[in-house]
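Colleague: Quick one: this structure, given as C-alpha cells, is what I'll be asking you about.
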Amino acid sequence: MSTLKAVRGTRDLLPPETKLWQHIEATAREVFARYSFGEIRTPIFEDTQLFARGVGEETDIVSKEMFTWEDRARAQSEKAQSLTLRPENTAGVVRAYIEHSLGESGHLQKLYYIGPQFRRERPQRGRYRQFWQIGAEVLGPPSSGSESPLRDAEILEMLAAFLDQLGIRGRKLILNSVGSSSDRPRYIAALREALAPVKSQMCADCQRRADTNPLRVLDCKHPEDQAILASLPKIADFLDDASRAHFASVLAALDACGVPYQVNPRLVRGLDYYTRTTFEFVLESTEGGLGSQNAILGGGRYDGLSEMLGGPRAPGIGFAIGEDRLVLTLQSQREKAAAEVNPAANNPADNNAADMSRVTAGTPALLADAYIAPLGEAQNIAALALARDLRRAGLTIEVGDGSFRLKKSFEFANALARHIVILGEDEAATSIYTVKTFSNGEQQKIPRNELLSLLQS
Ligand code: HAM
C-alpha cells in the first residue's frame, strides 16, 4: 500500500525545531506586550467575500492562490456559502473590529496574532502553501490617533526591537508611500498610459497586469523588464501634500529613534488595501539562507479597509512576519555563528544557540538534566517516583526502563541528558545514588539530599 504524505506545500514541524518556533513566538509576545498589544485569534476560514473585498479581486492572492470551497447547507436554516482558508489575517482582524464595534471605545486597538495562513503558491524554500505569520494591527477611529505617522514609526521601531532581540543580522527596512485613496487612481491612470506603448515588450504577467492591475507590474522580477520598469512614472510624484507630509513625518520619527531605512519608490506590495506607508524588512542576500524569498515581513497602512468591508472609518497600520522564513534565517545564522566560534565542533550540545539550530528530527532540542536508569524492572516504580520529585523541583528528567541493560541505559543517557542517575536495589534501599556527569566523566555516590544541587550544576 502506498504511504500517505503531507500535502504538497505543507509540512510537519518537529522537535527540536519547534523549540525555535516557541522561542520566536515567546519573544514576539514579550516584545509586543511592551507596546501594549493584546492577542486576537480569528477563525482560520472566513466568507470568501471578505478577501475578495479586502485584499482585492485582481490581486494574485485572490485571483489564483486561495483555497476556496462551496460549503453545502446542512440544515434548512443554513445557507450554502463560499468559504476560504485565510490567505492573510488583516482582513479577518478588521472584520472582527467591525463585528465587535471595537472602535466604540474611542481607543486605539492594538492587536497581534500568531497562526497559519494558506496560499496556493508554487512551493519552494521559504514559500509554502500553509505558512505561519506573526502579525499585528493598530487601528481605531481617527480621533484615537490612528492616522498619526507616529503609529507607523512606532510599529517599525517595534519590529526593529523584535528582530534585534532575536539576534537577526543583515536586515534592511525598505519603505515607500503609495499615497491616499485619491492619489492612487491618478497614479494608476498615469501608469496605464505609460505602459500602453511598451507592454507588448514585457513578460506575459506584466501584459496581463498592465490591464488588470498596473500597480502589480512594479513587482515584476524579470530581468528583461527592469529597464522599462525604471522608466515608468514614480508614485512619489503623485502624492498630494497631505500624503507627502505624512511620509516625511514617518521618516523623521524613524530618524529620531535610530531605525535605519531605505526608501524604495517601487515598493507597492501585493494587496489592494494599502494606502500611504508600505514597508518590508528584507535580508541582505549573504545573511539569509532564504534565496529569492528574502522578505521576512511586510506591512503597511490601510486607511480605507474598514469602509471597504462596510465598517466605520478606522485607519490602521500593521504587518505580518513570515515565521517560517524567520526560523530558516535564525537557523542558518546560528549555524554560521556556531561554526565560526568552534569550527571543529560537530556536536555543539552545550551551546544553547547551536543547540536550537540542531534540526535532526528525533533528538531533543536541549539535553535533560538527568536520565534515571532503573536497574531491573522492580526499580521502575522507584525511578518514576524519584523523577516526579525532581521534576517538581524544576529539573528536566528522562526515565529509562528497568528492562534495559546498563550499556544501553548509558548510551541513551549520554544522548539525552547531562547526568545519569543509576537506581538499583541498593540505591533504593540507602537513598544514595550513583551519578555520572557526562561533561567531565566523573562518577560519584550522592545522598538524596545533595542530588538536586548536583543535577542542577
Ligand atoms: P504579505 O506580504 O502577503 O502581507 O505577507 C507577509 C509575510 O508573510 C511575507 O513577507 C512573507 O514573509 C510571509 N509569507 C507570505 N506568503 C508566504 C508563503 N507562501 N510561505 C511562507 N511565507 C509567506 C500580508 O499578509 C499582510 N496581511 C501584512 C499586513 C498586516 N499588512 C498590514 N497588516
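Colleague: Can you name the condition, by its number, that Gln76 falls short on among (1) more than 16 Å from the ligand (Cβ to nearest atom); (2) surrounded by fewer than 16 Cβ atoms within 10 Å (Cβ to Cβ); (3) of a type in the set (S, T, N, Q); (4) at pLDDT 95 or above?
Modeller: Exception for Gln76: condition (4).
Colleague: Does Val259 meet the test of being touching an Asp or Glu at 6+ places or on another chain (Cβ under 8 Å), in a loop (DSSP other than H, G, I, E, B) and either of a type in the set (A, V, I, L, M, F, W, C) or buried (at least 16 other Cβ atoms within 10 Å of the Cβ) (or both)?
Modeller: When the stated conditions are applied, Val259 passes them.
Colleague: Right, another one. What about Tyr261, is it in contact (Cβ under 8 Å) with a residue 40 or more places away in the chain, touching a strand residue (DSSP E or B) at 6+ places or on another chain (Cβ under 7 Å), within 29 Å of Leu195 (Cα to Cα) and not charged (D, E, K, R)?
Modeller: Answer is no for this residue.
Colleague: Of everything in segment 134-190, what is over 25 Å from Leu215 (Cα atoms) and of a type in the set (Asp, Glu)? Give them in sequence order.
Modeller: Listed by number, the residues that qualify are Glu154, Glu157, Asp164.
Colleague: Now a separate question. Only one residue in Ser148, Ser144 is over 23 Å from Pro260 (Cβ atoms) and surrounded by fewer than 21 Cβ atoms within 10 Å (Cβ to Cβ). Which one?
Modeller: Ser144
Colleague: Considering only residues that are among the charged types (D, E, K, R) and over 16 Å from Pro197 (Cα atoms), which ones fall in segment 223-257?
Modeller: Glu224, Lys234, Asp237, Asp240, Asp241, Arg244, Asp255
Colleague: Which one is surrounded by the most Cβ atoms within 10 Å (Cβ to Cβ) among residues in segment 93-108 that are touching a strand residue (DSSP E or B) at 6+ places or on another chain (Cβ under 9 Å) and not in a loop (DSSP other than H, G, I, E, B)?
Modeller: So the residue we want is Val94.
Colleague: What are the residues in segment 57-102 that are of a type in the set (Lys, Arg) and over 12 Å from Arg119 (Cβ atoms), if any?
Modeller: Once the filter is applied, which keeps residues that are of a type in the set (Lys, Arg) and over 12 Å from Arg119 (Cβ atoms), segment 57-102 yields Arg72, Arg74, Lys79, Arg95.
Colleague: Could I ask something else about it? What do you reckon, is Ala52 surrounded by 14 or more Cβ atoms within 10 Å (Cβ to Cβ), hydrophobic (A, V, I, L, M, F, W, C) and within 24 Å of Gly322 (Cα to Cα)?
Modeller: It is true that Ala52 is surrounded by 14 or more Cβ atoms within 10 Å (Cβ to Cβ), hydrophobic (A, V, I, L, M, F, W, C) and within 24 Å of Gly322 (Cα to Cα).
Colleague: Here's another thing I want to ask about it. Looking at this structure, is Ile44 of a type in the set (A, V, I, L, M, F, W, C), surrounded by fewer than 19 Cβ atoms within 10 Å (Cβ to Cβ), closer than 19 Å to Gly135 by Cβ and touching a residue at least 40 places away in the same chain (Cβ under 8 Å)?
Modeller: Taking the combined requirement at face value, the residue satisfies it.
Colleague: What residue, of Glu46, Glu88, Glu70, is charged (D, E, K, R), over 24 Å from the mean Cα position of the chain (by Cα) and not in a helix (DSSP H, G or I)?
Modeller: Result: Glu70 is the single residue among Glu46, Glu88, Glu70 that is charged (D, E, K, R), over 24 Å from the mean Cα position of the chain (by Cα) and not in a helix (DSSP H, G or I).
Colleague: Does segment 26-40 contain at least one residue that is at pLDDT 95 or above, of a type outside the set (Asp, Glu), closer than 17 Å to Phe118 by Cβ and over 17 Å from the mean Cα position of the chain (by Cα)?
Modeller: Scanning segment 26-40, I find no residue that is at pLDDT 95 or above, of a type outside the set (Asp, Glu), closer than 17 Å to Phe118 by Cβ and over 17 Å from the mean Cα position of the chain (by Cα), so the answer is no.
Colleague: If the Cβ limit is 9 Å and pairs must be 6+ apart or interchain, which residue in segment 369-389 that is of a type in the set (Ser, Thr, Tyr) pairs with which residue that is part of a strand (DSSP E or B)?
Modeller: Sorted first by the residue in segment 369-389, then by its partner, the pairs are Tyr371/Ile397; Tyr371/Glu398; Tyr371/Val399; Tyr371/Ala417; Tyr371/Arg418; Tyr371/His419; Tyr371/Ile420; Tyr371/Val421.
Colleague: Being near the ligand (Cβ under 6 Å from one of its atoms) and among the aromatic types (Phe, Trp, Tyr) is the filter here; which residues of segment 121-140 pass it?
Modeller: Result: Tyr128, Phe131.
Colleague: So, in segment 273-292, exactly how many residues are within 8 Å of the ligand (Cβ to nearest atom) and either under 15 Å from Val138 (Cβ atoms) or surrounded by fewer than 20 Cβ atoms within 10 Å (Cβ to Cβ) (or both)?
Modeller: 2
Colleague: Among the residues of segment 145-153, is any modelled with pLDDT under 95 and outside any loop (DSSP other than H, G, I, E, B)?
Modeller: Within segment 145-153, not a single residue is modelled with pLDDT under 95 and outside any loop (DSSP other than H, G, I, E, B).
Colleague: If Ala204 satisfies every condition in (1) at pLDDT 95 or above; (2) over 30 Å from Glu323 (Cβ atoms); (3) aliphatic (A, V, I, L, M) but one, which is the exception?
Modeller: (1)
Colleague: On to the next question. With the structure loaded, tell me whether Ala52 is outside any helix (DSSP H, G or I), of a type in the set (A, V, I, L, M, F, W, C) and under 24 Å from Glu99 (Cα atoms) or whether it fails that test.
Modeller: Answer is no for this residue.
Colleague: Kindly indicate which of Gly400, Gly441, Gly394 is modelled with pLDDT of 95 or more and surrounded by 15 or more Cβ atoms within 10 Å (Cβ to Cβ). Let's see the steps before the verdict.
Modeller: Values: Gly441 fails: surrounded by 15 or more Cβ atoms within 10 Å (Cβ to Cβ); Gly394 fails: surrounded by 15 or more Cβ atoms within 10 Å (Cβ to Cβ).
After ruling out the rest, the residue left standing is Gly400.
The values are calculated or read from the model by the stated rules, or taken from the named source; none is laboratory data. Keep in mind that what you see is a predicted model, and the values were worked out from it rather than measured. Every residue, glycine among them, receives a Cβ derived from its backbone with ideal geometry; neighbour counts consider all protein chains shown.
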